[in-house]
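This report refers to the structure that appears directly beneath it.
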Amino acid sequence: MIEVKHLIKVFEGRGQVVRAVDDVSTQVAKGEVVVIIGPSGSGKSTFLRCLNGLEEFDDGQVVIDGIDLTESKTNLNAVRREVGMVFQHFNLFPHKTVLENVTLAQRVVRKRKPAEANDKAIKLLTKVGIAEKANEYPSRLSGGQQQRVAIARALAMDPKVMLFDEPTSALDPEMVGEVLDVMKQLAREGMTMAVVTHEMGFAREVANRVLFMDFGRILEDAPPAKFFTAPKEPRAQTFLKQVL
Amino acid sequence: MARKRHTIQWPWRGLLVVILLGIAIGLWVATKRVNYEWRWERVPQYFFYQHEEAQTAPVAGAVVRISPNGGYSLVEIAPKGGGQSDTVRVETDTLEIKAGDTVSEGDDIGAERQWKIGPLIWGLWVTIWISFVSGFIGLIIGLITGLCRISKNPTLRGLAVFYIELIRGTPLLVQIFIFYFFIGTVLNLDRTVAGVGALALFVGAYTAEIIRAGIQSIPKGQTEAARSLGMSATETMIHIVLPQAFKRVLPPLAGQFISLIKDSSLVSVIAITDLTKSGREIITSSFATFEIWFTVALLYLVITSVLSQLLFWLERRFARSD
């Protein structure tokens with residue numbers, strides 16, 4: 001479903017050159033849940049953002065569901081429809097109600113009729129357990145509720161892949177669970193997911209594979225059982241010691 | 001001492017009243033010293049006045065009958081050579097004939113009075129519509145220029161910067177003269193078009209900067225979220241960025257439009273009869289210099305405060321989602 005070959009992303013600024021993603025190659029199969037972990041500044045978020053073209057990369061190749069992002073005739077907007085993304089800071093549209101947040105892209109991008117989009121939105125909001133807040137504005141919702149709306153908003157486009165960029169990092173501890181529950185349910189339903197997170201419990205429970213990143217490189221790629229019990233890389237060992 | 005303290009308010013309020021009263025008394029004394037005679041009673045006629053139009057006999061003949069009816073009378077005149085009699089309507093207190101009089105064609109019978117709109121109201125109206133039209137055009141110019149200003153295309157960006165710097169770096173009065181005498185002559189423009197054009201270009205440059213700042217104040221995450229859903233750059237701008245930016249720039253935009261109303265007084269220099277020019281014209285005939293200028297100032301104050309109330313209301317409506 002996702003294929004990445006020799007991906008390189010370089011940030012330049014104030015005379016400094018940072019290789020945020022440095023020659024990363026990997027793939028995610030259909031229905032697979034891949035969790036990407038690593039210290040902050042290791043390039044995991046940048047890597048994730050390259051997958052739907054939010055970040056323009058310098059070299060390499062990203063293929064989503066057979067479509068090459070680097071090819072000049074590829075319509076990035078068309079690819080992004082198929083790739084849902086959930087952000088650390090939710091990024092709900094504050095001037096739209098919860099319902100409008102979920103229906104807007106359906107109507108504008110998928111050209112669905114308002115009634116159809118509404119039905120879909122209510123169904124998804126019910127699924128993430130927040131249908132009763134449909135007519136509220138996002139500012140009235142708690143962080144956990146906002147993030148669940150954001151997940152519903154991404155799902156409304158019927159994506160083939162979901163990208164999660166630290167979805168629980170900005171949440172109060174007591175709200176982390178409700179968001180993780182929704183993500184676990186999605187994983188059980190067979191959604192292809194790439195998740196950047198610091199939730200080791202989630203990685204252990206849900207992931208098919210764990211990618212450990214540091215200095216823009218994937219240092220370890222292993223099933224969670226193996227990664228958490230016997231990590232090979234010394235960097236991964238120190239990291240796990242610090243977070244567990 | 002971080003605890004909230006309740007300071008006594010009324011002495012300060014009292015002081016405020018005393019100061020305002022002091023200013024009023026000072027003004028009064030000042031006008032007394034220059035021996036100015038206030039003639040406020042001359043002002044209302046420049047808002048509305050009664051126009052008297054003399055009514056004359058349509059034919060030569062005899063006044064058959066005068067039938068009073070409320071404030072006016074119907075005068076019936078039978079033509080000398082016979083035939084259908086004519087009726088003329090005049091105000092009763094202006095009647096200059098009696099029943100039985102003979103009149104020749106064109107003789108004064110009386111007058112009819114009509115309420116007419118005075119020059120101050122006309123000027124007010126001209127100021128309002130010129131401000132509104134140039135404000136509207138300026139908003140569109142500002143929106144386009146603001147978008148060009150943040151465009152990735154160097155040509156569009158350069159043009160926007162050039163336009164903004166050109167307008168912001170020169171006085172509006174000079175711009176109006178250039179627009180009227182140069183561009184107006186070259187393109188053969190009417191003075192009103194030239195005035196509205198100059199004001200619109202002027203307000204457009206300032207609006208562009210306001211809108212640019214508004215767009216750039218919207219967090220990047222909003223654009224990213226919209227783009228990640230597959231929306232194009234244009235769709236993102238229309239549905240996500242601009243509505244939020246517009247809400248944020250409403251207060252500075254309101255200030256800009258209030259400025260525009262006041263700045264529109266400058267078009268009086270190219271002989272557009274706006275509120276200011278009306279005031280100047282009235283003064284030449286009434287000699288009520290102080291009264292008219294105070295009235296003109298008050299009328300500007302009325303328009304600007306109505307506008308600011310309107311925008312305040314709009315702002316509160318937009319604040320629903322906060």
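The values are calculated or read from the model by the stated rules, or taken from the named source; none is laboratory data. Everything numeric here is computed off the predicted structure, so don't read it as measured data. All Cβ positions, glycine included, derive from the backbone under ideal geometry; neighbour counts span all protein chains shown. With ligands, DNA and RNA removed, areas are computed over all heavy atoms of the protein, side chains included. Shrake-Rupley method; radii C 1.70, N 1.55, O 1.52, S 1.80 Å.
Data overview
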| item | result |
| --- | --- |
| Per-region count, the stretch A:71-111, residues touching a Leu at 6+ places or on another chain (Cβ under 9 Å), closer than 30 Å to A:GLN61 by Cβ and not charged (D, E, K, R) | 9 |
| Any chance A:VAL62 is within 19 Å of A:LEU211 (Cα to Cα), in contact with a helix residue (DSSP H, G or I) (Cβ under 7 Å, 6 or more places away or on another chain) and β-branched (Val, Ile, Thr) | yes |
| Test: residue in the stretch A:11-22 that is within 22 Å of A:PRO167 (Cβ to Cβ), touching a Phe, Trp or Tyr at 6+ places or on another chain (Cβ under 8 Å) and in contact (Cβ under 8 Å) with a residue 12 or more places away in the chain | yes |
| Residue check for A:PHE227: at pLDDT 90 or above, over 29 Å from A:GLY129 (Cα atoms) and open to solvent by less than 10 Å² (accessible area, probe 1.4 Å) | yes |
| Number of the condition not met by A:ALA170 [criteria: (1) open to solvent by 20 Å² or more (accessible area, probe 1.4 Å); (2) farther than 27 Å from A:THR26 by Cβ; (3) under 17 Å from the mean Cα position of the chain (by Cα)] | (2) |
| Of residues in the stretch A:90-132 being more than 13 Å from chain B (Cβ to nearest Cβ) and among the acidic types (Asp, Glu), the one most open to solvent (accessible area, probe 1.4 Å) | A:GLU132 |
| Sole exception among (1) over 27 Å from the mean Cα position of the chain (by Cα); (2) more than 14 Å from chain A (Cβ to nearest Cβ); (3) at pLDDT below 95 for B:LEU189, by number | (1) |
| All positions within the stretch B:293-322 that are hydroxyl-bearing (Ser, Thr, Tyr) and either open to solvent by 80 Å² or more (accessible area, probe 1.4 Å) or modelled with pLDDT of 90 or more (or both) | B:THR295, B:TYR300, B:THR304, B:SER305, B:SER308 |
| From the options B:VAL43, B:VAL59, residue that is in contact (Cβ under 8 Å) with a residue 40 or more places away in the chain and touching a Pro at 6+ places or on another chain (Cβ under 9 Å) | B:VAL59 |
| Check on B:SER131, surrounded by 12 or more Cβ atoms within 10 Å (Cβ to Cβ), modelled with pLDDT of 95 or more and polar (S, T, N, Q) | yes |
| Of the criteria (1) of a type outside the set (Val, Ile, Thr); (2) under 16 Å from the mean Cα position of the chain (by Cα); (3) away from chain B (no Cβ under 14 Å), which one A:GLN146 fails | (3) |
| Exclusive hit being under 24 Å from the mean Cα position of the chain (by Cα), under 30 Å from B:SER305 (Cβ atoms) and open to solvent by less than 50 Å² (accessible area, probe 1.4 Å), set B:ILE211, B:ILE137, B:ILE167 | B:ILE167 |
| Criterion (within 14 Å of chain A (Cβ to nearest Cβ) and either among the basic types (Lys, Arg) or touching a residue at least 40 places away in the same chain (Cβ under 8 Å) (or both)) met by exactly one of B:MET231, B:MET237 | B:MET237 |
| Scan of the stretch B:1-36 for residues that are open to solvent by less than 70 Å² (accessible area, probe 1.4 Å) and at pLDDT 85 or above, ordered by number | B:PRO11, B:GLY14, B:GLY22, B:ALA24, B:GLY26, B:VAL29, B:ALA30 |
